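Okay, so here's the structure we're looking at.
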Amino acid sequence: MTETVETPAVTRIPHWIGGRRSESGSGRSGPVFNPATGRQSGAVDFATVEEVDAAVQAAQAAFGGWRETSLAKRAELFFGIRELIHARRDEVAEILVREHGKVFSDALGEVTRGLEVVEYCCGIPQLLKGEHSEQVSTGIDVHSIRQPLGVVAGITPFNFPAMVPMWMWAPAIACGNTFVLKPSEKDPSASLWTAELLQEAGLPDGVFNVVMGDKVAVDAILQHPDIAAVSFVGSTPIARYVYEQSTATGKRCQALGGAKNHMIVLPDADIDSAADAAISAAYGSAGERCMAVSMVVAVGDVAEPLVAAIRDRIPQVNVGDGMDPASEMGPLVTAEHRDKVASYIENAPAEGATVVVDGRDGVPGEGFFLNPSLLDNVTPTMRAYADEIFGPVLGVTRVATYEEAVGLVNDSPYGNGVALFTRDGGVARRFQFEVDAGMVGINVPIPVPVAFYSFGGWGDSLFGDRHVYGPEAIDFYTRGKVVTTRWPDPATSKIDLGFPQTR
């Protein structure tokens, strides 16, 4: 008797334009997989240029009314959005697990960190306050205001399908703009979930729109004359492209690129704490995060005990389906990405590195899994050092001095995040002064700023002059206007062709 194997249904994932789902007429789509099983679960529509334009026009039509909505009403709406997301966070976390592969607890953490930005935006009446100077000249007052840009867009990566969009749409919409989101085609369903939740919360139709797609959709956004600003998070080559194309058409752009984050461990550091931190920061979310520690820089004689401590902890990391409560690390997002990450392990010995733990061993038979891997004796000339691997592969570089370690960080083209593990307060203070990176951790391996600061790196990790969320996002999504006023007595009015005086 032949056993019948049922093929799971493939769900169509459309756009969201003007307050409703909108199926594409392009005839093009991309597969969406459950990374834990390796089976296709969805087919995401790929937008045409005309469909991107339809989303922009919907946003443009909604802008006038939304801009005029009072700050009090916007704040009230954001409090409601916050409550809805918080109440239904398990729903979106499960979507993240099914399409991205991260474990459920990590997915909940992603939603929580995104929610912090929504909470920050609940204070939008305070955040948009201007300044006022009375009697700057006789009878003249001056005040400043901040006004929205219009239609703005966000292009977001696969690794945080809920959080990174929240970093963008929340401050953009709170400031009075309307928004077009182009999420990753690898895990797009969280964006549709967000669109429906925002509508339920009372956001007017057209204020938030989603277009699915590939490079066609991206280029349509970058070239669209009615989009005033673009926010992007992704790899450095694409970030550079997005920045150059956006600014060439007169748009504002903040494009966050890749990273190669170092964690420097000094000889006086607590070995157990440093090893625990390295495991957490390297293998959390399967290493698919721009703030992951990918290089441990061991200074002096700390190297041997530190490598041993990391090696001994790796077998304790439970790898499996993200919906299994016992799992601590899930699969990678696609088979292609898994194979690319695995190639760094395969090629490491030929370049002179030591494979201490090979994550290709003992992986499940199905799904896009790769176990945690550890490479020792990695040097800056190796691909495993130079490239952003974006997977669960941790490298160790050995140096003799603190100065050597800081030199490695500052020589990197990236300047995203860096961490120092030490018990010496003086060295820590010197480090934060000397190191060239946008986000610095002292005994904190992943120094992601809280929502009322801003997130972003230096060098090839950022193109543009404004970081995301926090105070810099308010600056990015608004433009300043200065108003000078005088209410003179008509009896004193006269013609004066001289240069305006302020005395």
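The values are calculated or read from the model by the stated rules, or taken from the named source; none is laboratory data. Fair warning: this is a prediction, and the values are worked out from it, not measured in the lab. Here the Cβ positions follow ideal geometry from the backbone for every residue, glycine too, while neighbour counts run over all protein chains shown.
Do we have Arg82 as buried (at least 17 other Cβ atoms within 10 Å of the Cβ), over 25 Å from Gln147 (Cα atoms) and at pLDDT 95 or above here?
On the way: buried (at least 17 other Cβ atoms within 10 Å of the Cβ): yes; over 25 Å from Gln147 (Cα atoms): no; at pLDDT 95 or above: yes.
Considered against the rule, which asks whether it is buried (at least 17 other Cβ atoms within 10 Å of the Cβ), over 25 Å from Gln147 (Cα atoms) and at pLDDT 95 or above, Arg82 comes out as no.
Answer yes or no: is there a residue in the range 57-69 that is under 17 Å from Gln147 (Cβ atoms) and either modelled with pLDDT under 95 or among the aromatic types (Phe, Trp, Tyr) (or both). Spell out how you get there, then give the answer.
Going through the range 57-69, the residues under 17 Å from Gln147 (Cβ atoms) turn out to be 59-60, 62-69.
After this cut, where a residue has to be either modelled with pLDDT under 95 or among the aromatic types (Phe, Trp, Tyr) (or both) as well, the list is 63, 66.
Checked the range 57-69: at least one residue is under 17 Å from Gln147 (Cβ atoms) and either modelled with pLDDT under 95 or among the aromatic types (Phe, Trp, Tyr) (or both).
Going through the range 252-277 one residue at a time, which ones are over 30 Å from Thr478 (Cα atoms) and hydrophobic (A, V, I, L, M, F, W, C)?
Narrowing the range 252-277 to residues over 30 Å from Thr478 (Cα atoms): 260-277.
Hits for the range 252-277 are Met263, Ile264, Val265, Leu266, Ala269, Ile271, Ala274, Ala275, Ala277.
Could we say that Gly498 is buried (at least 21 other Cβ atoms within 10 Å of the Cβ) and among the small types (Gly, Ala, Ser) here?
Values: buried (at least 21 other Cβ atoms within 10 Å of the Cβ): no; among the small types (Gly, Ala, Ser): yes.
For Gly498, the condition - buried (at least 21 other Cβ atoms within 10 Å of the Cβ) and among the small types (Gly, Ala, Ser) - is not met.
Identify all residues within the range 330-387 that are of a type in the set (A, V, I, L, M) and closer than 21 Å to Ala308 by Cβ; write none if there are none. Let's see the steps before the verdict.
To start, the set of residues in the range 330-387 that are of a type in the set (A, V, I, L, M) comprises 332-333, 335, 341-342, 345, 348, 350, 353, 355-357, 363, 370, 374-375, 378, 382, 384, 386.
Correct list: Ile345, Ala348, Ala353, Val355, Val356, Val357, Leu374, Leu375, Val378, Ala384.
Residue by residue, here is whether (1) over 28 Å from Val233 (Cβ atoms); (2) surrounded by fewer than 22 Cβ atoms within 10 Å (Cβ to Cβ) holds:
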{"residue": "Asp268", "(1), (2)": "yes, yes"}
{"residue": "Ala275", "(1), (2)": "yes, no"}
{"residue": "Ala282", "(1), (2)": "no, no"}
{"residue": "Val293", "(1), (2)": "no, no"}
{"residue": "Val299", "(1), (2)": "yes, no"}
{"residue": "Ala308", "(1), (2)": "yes, yes"}
{"residue": "Pro315", "(1), (2)": "yes, yes"}
{"residue": "Val333", "(1), (2)": "no, no"}
{"residue": "Glu346", "(1), (2)": "yes, yes"}
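Please pick out the residue among Gly367, Gly359 that is under 18 Å from Ile279 (Cβ atoms) and surrounded by 15 or more Cβ atoms within 10 Å (Cβ to Cβ).
Numbers: Gly367 fails: under 18 Å from Ile279 (Cβ atoms).
From the options Gly367, Gly359, the qualifying one is Gly359.
Out of all the residues in the range 437-466, which are in contact with a Pro (Cβ under 7 Å, 6 or more places away or on another chain) and either of a type outside the set (Asp, Glu) or under 12 Å from Gln254 (Cα atoms) (or both)?
Taking the range 437-466 first, the residues in contact with a Pro (Cβ under 7 Å, 6 or more places away or on another chain) are 439-441, 454-455, 459-460.
Listed by number, the residues that qualify are Met439, Val440, Gly441, Ser454, Phe455, Gly459.
Yes/no matrix, rows are residues, columns are (1) touching a Phe, Trp or Tyr at 6+ places or on another chain (Cβ under 8 Å); (2) among the aliphatic types (A, V, I, L, M); (3) within 21 Å of Phe390 (Cβ to Cβ); (4) not in a helix (DSSP H, G or I):
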site	(1), (2), (3), (4)
Ala93	yes, yes, no, no
Val118	yes, yes, no, no
Val136	no, yes, no, yes
Ala153	yes, yes, no, yes
Phe158	no, no, yes, yes
Val164	no, yes, yes, no
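Condition first: buried (at least 20 other Cβ atoms within 10 Å of the Cβ) and over 14 Å from the mean Cα position of the chain (by Cα). Now tell me which residues in the range 440-459 satisfy that.
Selection gives Gly441, Pro445.
Out of everything in the range 462-495 that is part of a loop (DSSP other than H, G, I, E, B) and acidic (Asp, Glu), what residue ends up being surrounded by the fewest Cβ atoms within 10 Å (Cβ to Cβ)?
First, the residues of the range 462-495 that are part of a loop (DSSP other than H, G, I, E, B): 464-467, 469, 477, 487-489, 493-495.
Next cut, acidic (Asp, Glu) only: 465, 489.
On the way: Asp465: 12, Asp489: 7.
Applying the filter and picking the extreme gives Asp489.
Conditions (1) under 24 Å from the mean Cα position of the chain (by Cα); (2) in contact (Cβ under 8 Å) with a residue 60 or more places away in the chain; (3) not assigned by TED's automatic domain parsing to the domain that holds Phe431, marked per residue:
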residue	(1), (2), (3)
Val242	yes, yes, yes
Asp268	no, yes, no
Ser273	no, yes, no
Ala278	yes, yes, no
Ala286	yes, yes, no
Asp301	no, no, no
Ala309	no, no, no
Gly322	yes, yes, no
Met329	yes, yes, no
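What number of residues in the range 5-23 are at pLDDT below 95 and surrounded by 14 or more Cβ atoms within 10 Å (Cβ to Cβ)?
1
Taking only the range 183-202 into account, find how many residues are outside any helix (DSSP H, G or I) and in contact (Cβ under 8 Å) with a residue 60 or more places away in the chain. Show your work before the answer.
Going through the range 183-202, the residues outside any helix (DSSP H, G or I) turn out to be 183-188, 202.
Filter once more, keeping what is in contact (Cβ under 8 Å) with a residue 60 or more places away in the chain: 185-188, 202.
Residues in the range 183-202 being outside any helix (DSSP H, G or I) and in contact (Cβ under 8 Å) with a residue 60 or more places away in the chain: 5 in total.
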